[in-house]
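Colleague: The structure that follows is given in the form of structure tokens.
The values are calculated or read from the model by the stated rules, or taken from the named source; none is laboratory data. From a predicted model like this one, the values you see are computed outputs, not experimental measurements. Neighbour counts are summed over all protein chains in view; Cβ atoms, including those assigned to glycine, are modelled from backbone coordinates with ideal geometry.
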């Protein structure tokens, strides 16, 4: 599998493992490129909630994707 395709597959899997509200916030902020205020309006939550949801989601994604990369590296050995 091409490395770009594998990375996209890993990201999609990691996104699916996020809680629904965190996934929504990440998609709106980073894929649809909405501002914090726009995202808050769409979700019906305060700006601070969007910031905390995206921070938690990014931490989960970072951890999840790091584990996935380590597992792939271990299997390749």
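Colleague: Which of the numbered conditions does residue 37 fail, given that it passes all the others? Conditions: (1) surrounded by fewer than 12 Cβ atoms within 10 Å (Cβ to Cβ); (2) modelled with pLDDT of 90 or more; (3) not in a helix (DSSP H, G or I).
Modeller: (3)
Colleague: In this structure, is residue 22 under 24 Å from residue 67 (Cα atoms), surrounded by 12 or more Cβ atoms within 10 Å (Cβ to Cβ) and modelled with pLDDT of 95 or more?
Modeller: Criteria met by residue 22.
Colleague: Take the conditions within 11 Å of the chain's Cα centre (by Cα) and either under 14 Å from residue 64 (Cα atoms) or surrounded by 17 or more Cβ atoms within 10 Å (Cβ to Cβ) (or both) and apply them to residue 15. Does it pass?
Modeller: yes
Colleague: Specify the residue that is farthest from the chain's Cα centre (by Cα); the eligible residues are those in the range 40-54 that are free of Cβ contacts under 8 Å to residues at least 12 places away in the same chain and part of a helix (DSSP H, G or I).
Modeller: Ranking the candidates gives 41 first.
Colleague: With the structure loaded, tell me whether residue 5 is surrounded by fewer than 11 Cβ atoms within 10 Å (Cβ to Cβ), modelled with pLDDT under 95, in a helix (DSSP H, G or I) and more than 14 Å from the chain's Cα centre (by Cα) or whether it fails that test.
Modeller: Criteria met by residue 5.
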